[in-house]
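The values are calculated or read from the model by the stated rules, or taken from the named source; none is laboratory data. The structure displayed is predicted, hence computed values, not measured ones. Quick reminder, even Gly has a Cβ in these numbers, built from the backbone with ideal geometry, and neighbours come from all protein chains shown.
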Amino acid sequence: MKKKKLKKYDETYYYSDPLNDDFAGTHIHAIKVNSDFKYHHKNIFFKIFSFFIYRMVARPAVYLYAKIKYNVKYVNKKAVKKVRKGGFFVYSNHVAVDGDAFITNHVTFPNVNDIIVNADTVSIKGIKTLVEAMGAFPLPNDIGAAANFFHEMKYRLSKKHAITIFPEAHIWPYYNGIREFPIGSYKYPALLKTPIITFCITLQKRKHSKRPRFTVYISDPEYIDPKLDTLENAKILHDKSYNFMKETTAKYSTYECNHFIYKPKEEKAD
């Protein structure tokens with residue numbers, strides 16, 4: 001399906017595959033994240049640069065940006081305090097190219113927030129180092145990279161980082177529902193015995209603007225059950241997270257500024 005670039009509000013998007021259709025409109029040629037990709041940076045200059053750009057520049061800037069553009073309001077921020085003494089996962093719906101990551105970065109403070117992204121995020125020439133310094137953590141494309149990815153994930157959690165995952169994977173701009181998503185990403189906390197918190201970004205109408213206001217509802221932490229195996233824990237975490245998003249959106253996401261219509265792909269003629 002051809003991606004449609006978001007130019008304004010009150011757009012109509014036609015989708016045929018709710019699990020895989022993406023409307024971010026970035027059109028970036030992604031690199032391959034293979035076993036040669038460096039997840040862990042030991043260089044002292046990178047560490048200094050990362051500390052400065054992340055804590056001194058990015059975090060204050062993104063807080064102001066999200067507040068001004070989306071008038072963001074948070075409900076139950078205190079839930080994050082319960083898990084700040086260690087690493088934890090954050091799961092959120094995916095509704096804005098320029099908003100979702102900013103929101104999770106603000107709420108996880110003072111813990112560093114790493115965001116699991118697709119390879120295209122680290123594929124833009126000239127800013128790869130910058131986005132990595134700001135916490136971009138790309139998914140692997142092969143087995144060798146997968147081992148490095150998982151090892152680095154364990155390391156970052158040991159340093160009390162938050163790791164944000166958007167289980168819907170693809171951006172649907174200002175969509176006021178929740179799409180179904182697989183349990184795959186919930187195997188990480190199940191394997192690593194790490195708590196999770198779920199964010200749900202909801203949309204409300206603003207006066208004098210078609211741009212929505214974001215109200216972010218935050219769940220209490222969910223923990224794995226040591227008596228259950230990895231797959232059972234992953235399924236429970238997935239269901240609790242999905243149901244929290246689904247119920248919260250149904251109750252509080254009251255504004256539809258873009259429209260999403262199912263349109264099956266045309267079958268090829270014989």
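Worth pointing out:
- Qualifying residue in the range 194-207 (condition: assigned to a loop (DSSP other than H, G, I, E, B) and within 18 Å of ILE116 (Cα to Cα)): yes
- With respect to (1) of a type outside the set (Val, Ile, Thr); (2) modelled with pLDDT of 95 or more; (3) more than 21 Å from ALA66 (Cα to Cα), the lone exception for TYR217 is condition (3).
- If you filter the range 182-211 down to residues that are hydrophobic (A, V, I, L, M, F, W, C) and in contact with a Ser or Thr (Cβ under 9 Å, 6 or more places away or on another chain), you find that the one that is surrounded by the fewest Cβ atoms within 10 Å (Cβ to Cβ) is LEU191.
- Selection from the range 81-101 of residues that are of a type in the set (A, V, I, L, M, F, W, C) and in contact with a helix residue (DSSP H, G or I) (Cβ under 6 Å, 6 or more places away or on another chain): PHE89, VAL90
- Within the range 41-144, helices (runs of 4 or more DSSP H) holding 1 or more residues that are at pLDDT 75 or above: 44-51, 59-70, 100-108
- Of all positions in the range 223-233, at least one carries a residue that is surrounded by 19 or more Cβ atoms within 10 Å (Cβ to Cβ), farther than 23 Å from ASP10 by Cα and within 22 Å of the chain's Cα centre (by Cα).
- Residues being closer than 18 Å to GLY184 by Cα, of a type in the set (Phe, Trp, Tyr) and touching a residue at least 40 places away in the same chain (Cβ under 8 Å) - total across the range 212-270: 2
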